[in-house]
Amino acid sequence: MSYLEFAHITKTYPGVRALSEVSFGVEKGAVHGLMGENGAGKSTLIKILSGDQQADSGAISIDGTRQTYASTRDAFDNGVIVIHQELQLVPELTVAENLCLGRFPAAGGVIARRRMFAEVGAGLQAAGIEIDPRRKIKTLSIGERQMVEIAKAVMLDARVIALDEPTSSLSSRESEILFTLIDRLRSQGKVIIYVSHRLDEVFRLCDSLTVLRDGKLAAHHASLEGVTRDRVVAEMVGREIADIWGWRGREIGTVRLAARGIAGEKLPVAASFEARAGEILGFFGLIGAGRSELMRLVFGADPRRNGQVSIDGAPVDASDPHHAIRSGLVLCSEDRKFDGIIQGRSIEENINISSRRHSTRFGILDTKTEAKTAETFIAKLKVRTPSRKQDIVNLSGGNQQKVILGRWLSEQGIRVLVIDEPTRGIDVGAKAEIYELLYQLAETGMAIVVVSSELPEVMGICDRIHVMCEGRIRAELTRDRFNEREILAAALPDKTVPAAIAS
């Protein structure tokens, strides 16, 4: 028997069988990959492991002992820590307070704050994570928040650690720190469940691999020796995907979006760019390069100090997102949980929330119109759900992204779509579907701006790329000039030149 055993795990939600008789084992001191398309059942399995959900049938055993968790606290107390893709942090608390929740050091019934900051600071330093424990979570970037979550697992003496898309928000440097930590944990005999869609990471880190498809066990590899990437992709999607990018040429028109001299509190150096009708314009840069900050200023989500935005030559009063939307400019933000989906609401409500002014008469919602709109975009975008009434939090990340796209596409007169990290945490099959949708929208004359930290993505789907570094646009390349070496060199600060570039 393996150190960690999943035996015949089955879980059904209303209208959906999320897991069906899933069984596999993981050895002690192993990093085990868990892969599958969005909706394959990975997150459900991890939730059951963490005590967040209970299986309908089946059992989990650790070191030969059957585990029964009534809550995440039960799992935590038994040495099981799960770091979810959607981060579980309290924004108004400090890093140290978040890491000590439920176990604050105390003296005389009062939290020993000085000791808390000292202990957490030492733990972060030992883990190679350079974050001030006194900073509030809300002041951290997405990547920094992810590192705080990872620090939680490193600093506690867990037996089993599950990481769900851990590098989706990390820079290359932060990812390398994570990989070093994983190697350390493996040498200590910990079991690591590594959930990722990034095949390179899985083959670099993992000793073994399980692939789920449609809630069932599609494949289990006790060793990755002789296992190819193409084989794993085929096991995930049930078919071969020869070219995930699918780029195709199209007619590029005149300037649709013009942003001139845009600057704000988080982007002090003014930036300018143009996006043309029918064009897919990429923005690439490392974490903290200023890409998302620039797009939020253009959209009006953050106040601008300087600059002007125009669409088809007409100025846009982007003092807040309402004006931008009414002018035909929409933004899909990088953080689906906080800035995208409306948690606790149905797919139907999430799709219709922005365009409700089109389906309201005399202050009363036209529910028939909203139902029809939801059904239309569920079908068009291939959202996997048993019903439009399903709570959006029960969808996979890829399907949540499709719902957000459906929300904006249900708006009338959209001419510019800005989409930030369009496939963050999304599987290879769903990626291909989203790319195809972006091509279709571009072919209608819409200008598409894609912000991504994945270089293969921007090189694979974009017609032109702007490269940002330290809040500045450092380079512009047309498709015939795309060159990985040149793009990476432009994305790195002058003082940081890796061997791959310098050689």
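To the nearest 20 debye, what is the magnitude of the charge dipole of segment 174-251 about its Cα centre, counting +1 on the Cβ of each Lys and Arg and -1 on the Cβ of each Asp and Glu? List each step's numbers first, then the result.
Values: 12 positive and 13 negative charges, 41 e Å.
Magnitude of the dipole: close to 200 debye.
Can you compute the radius of gyration and Dmax for segment 1-46, using only the Cα atoms, both in Å?
Cα only, segment 1-46: 11.8, 38 Å (Rg, Dmax).
Could you check the simple spin-label distance between Arg17 and Arg326, using points 7 Å along Cα→Cβ, in nm with one decimal?
So the two model labels end up 5.1 nm from each other.
Using a 1.4 angstrom probe with every protein chain in place, what is the largest-first accessible-area order of Glu251, Glu293, Glu165? Each step should come with its number before you reach the end.
Numbers: Glu251 165, Glu293 60, Glu165 5 Å².
Most to least solvent-accessible, the answer reads Glu251, Glu293, Glu165.
In percent, what relative contact order does segment 262-417 have, based on Cα pairs under 8 Å that are 6 or more apart in sequence? All intermediate terms of the calculation are to be shown ahead of the outcome.
Details: 198 pairs, mean separation 34.4, N = 156.
Reported relative contact order: 22 percent.
Given H placed on each backbone N at 1.01 Å, which residues far from Phe283 in sequence or on other chains put an amide H within less than 5 Å of it?
Long-range HN contacts for Phe283: Val450, Val451, Ser452, His466.
Which of Leu381, Cys462, Gly226 sits closest to the plus end of the dipole of the chain, meaning its Cα is farthest towards the positive end, when Lys and Arg get +1 and Asp and Glu get -1 on the C-beta?
Leu381
Sort 24-34, 71-81 by packing, meaning the average of other beta carbons within 10 Å per residue, with the highest value first. Could you put the intermediate results ahead of the total?
Details: 24-34: 20.5, 71-81: 17.1.
So the order, starting with the most tightly packed, is 24-34, 71-81.
What percent antiparallel are the DSSP beta bridges of segment 282-441, to the nearest 5? Show your work: numbers first, answer last.
Numbers: 6 of 10 bridges.
Beta bridges within segment 282-441, antiparallel portion: roughly 60 percent.
Under a crude label model (7 Å from the Cα following the beta-carbon direction), how far is Phe179 from Asp56 in nanometres?
Simple spin-label model gives 4.1 nm for this pair.
Mean separation of Cα pairs under 8 Å and 6+ residues apart, divided by the residue count of the chain: what relative contact order is that in percent? Mind showing how you got there, number by number?
Values: 991 pairs, mean separation 78.0, N = 503.
Relative contact order here is 16 percent.
Work out how much length Arg260 to Arg66 would gain on full extension: take 0.36 nm times their residue separation and subtract the Cα-Cα distance, in nm to one decimal.
Working: separation 194, 0.36 × 194 = 69.84 nm, distance 6.19 nm.
Fully extending the segment from Arg260 to Arg66 adds 63.6 nm.
How many angstrom lie between the C-alpha centres of segment 393-457 and segment 21-87?
Taking the Cα centre of segment 21-87 as reference, the centre of segment 393-457 is 30 Å away.
Computing the accessible area with a 1.4 Å probe over protein heavy atoms, can you report the carbon and sulfur percentage for segment 246-288?
In segment 246-288, the share of accessible area belonging to carbon and sulfur is 50 percent.
So, for segment 65-156, what is the accessible surface per residue at a probe of 1.4 Å, expressed in square angstrom?
Values: 4510 Å² over 92 residues.
Per-residue value: 49 Å².
Go through Trp245, Trp408 and list them by solvent-accessible area, largest first, probe radius 1.4 Å. The partial results should precede the final answer.
Numbers: Trp245 70, Trp408 25 Å².
These residues rank, largest area first, as Trp245, Trp408.
If we restrict to alpha carbons, what Rg and Dmax does the chain come to, in Å?
23.3, 72
Extension gain Glu130-Glu484, at 0.36 nm per residue separation less the Cα-Cα distance, in nm? Please list the in-between numbers first.
On the way: separation 354, 0.36 × 354 = 127.44 nm, distance 2.86 nm.
Extra length available between Glu130 and Glu484 comes to 124.6 nm.
Could you order the peptides 301-309, 142-150 from most to least packed, using the average number of other C-beta atoms within 10 Å per residue? Display every interim value, and only then the final one.
Working: 301-309: 16.1, 142-150: 22.0.
Answer by packing, highest mean first, reads 142-150, 301-309.
Would you mind classifying segment 154-220 by shape? Square roots of the alpha carbon gyration tensor eigenvalues, ordered a ≥ b ≥ c; an a/c under 1.5 is rounded, otherwise it is prolate if a/b is larger than b/c and oblate if not.
Details: a/c = 1.96, a/b = 1.32, b/c = 1.48.
Oblate shape, in that a/c is at least 1.5 and b/c is the bigger or equal ratio.
What does the charge dipole of segment 40-130 about its Cα centre add up to, to the nearest 20 debye, if the Cβ of each Lys and Arg holds +1 and the Cβ of each Asp and Glu holds -1? Don't jump to the answer; show the numbers that get you there.
Details: 8 positive and 10 negative charges, 39 e Å.
Charge dipole of segment 40-130: 180 debye, to the nearest 20.
Enter the angle in degrees (range 0 to 90, nearest 10) between the Cα long axis of helix 367-380 and the first principal axis of the Cα atoms of the chain, meaning the one along which they spread out most.
It is inclined by approximately 80 degrees.
Note down the magnitude of the dipole of segment 266-327 about its Cα centre, charges +1 on Lys and Arg C-beta and -1 on Asp and Glu C-beta and zero elsewhere, to the nearest 20 debye. Each step should come with its number before you reach the end.
Numbers: 7 positive and 7 negative charges, 36 e Å.
Approximately 180 debye in magnitude.
Within the set Lys11/Lys216; Lys152/Lys190; Lys380/Lys402; Lys11/Lys47; Lys152/Lys216, which residue pairs have Cα atoms separated by over 20 Å? Don't skip to the end; give the middle numbers.
Values: Lys11/Lys216 11 Å; Lys152/Lys190 15 Å; Lys380/Lys402 10 Å; Lys11/Lys47 11 Å; Lys152/Lys216 31 Å.
Where the Cα-Cα span goes over 20 Å, the pairs concerned are Lys152/Lys216.
Which one of Gly123, Ile426, Ala371 is farthest out on the positive end of the charge dipole of the chain, using unit charges on Cβ (Lys, Arg +1; Asp, Glu -1) and the Cα centre as origin?
Ala371
If you wrap a convex hull around the Cα atoms of segment 353-481, how much volume per residue is inside, in Å³? Each step should come with its number before you reach the end.
Values: hull volume 18.3 nm³, N = 129.
About 142 Å³ per residue, rounded to a whole number.
At a threshold of 8 angstrom on Cα-Cα distance, excluding pairs fewer than six apart, so keeping six or more, what relative contact order does segment 101-218 reach in percent? Don't skip to the end; give the middle numbers.
Numbers: 85 pairs, mean separation 22.4, N = 118.
Result for segment 101-218 is 19 percent.
Which value, in Å² and to the nearest 10, is the accessible area of Met295 when all protein chains are kept and the probe is 1.4 Å?
10 Å²
Out of Ala70, Gln53, Pro303, whose Cα points farthest toward the positive end of the dipole of the chain (charges: +1 Lys, Arg; -1 Asp, Glu; placed on Cβ)?
It is Pro303, whose Cα lies furthest towards the positive end.
The values are calculated or read from the model by the stated rules, or taken from the named source; none is laboratory data. All values reported here derive from a predicted model rather than from experimental measurement. Every residue, glycine among them, receives a Cβ derived from its backbone with ideal geometry; neighbour counts consider all protein chains shown. Accessible surface is based on the protein model in full, side chains and every heavy atom, while ligands, DNA and RNA are left aside. Shrake-Rupley method; radii C 1.70, N 1.55, O 1.52, S 1.80 Å.
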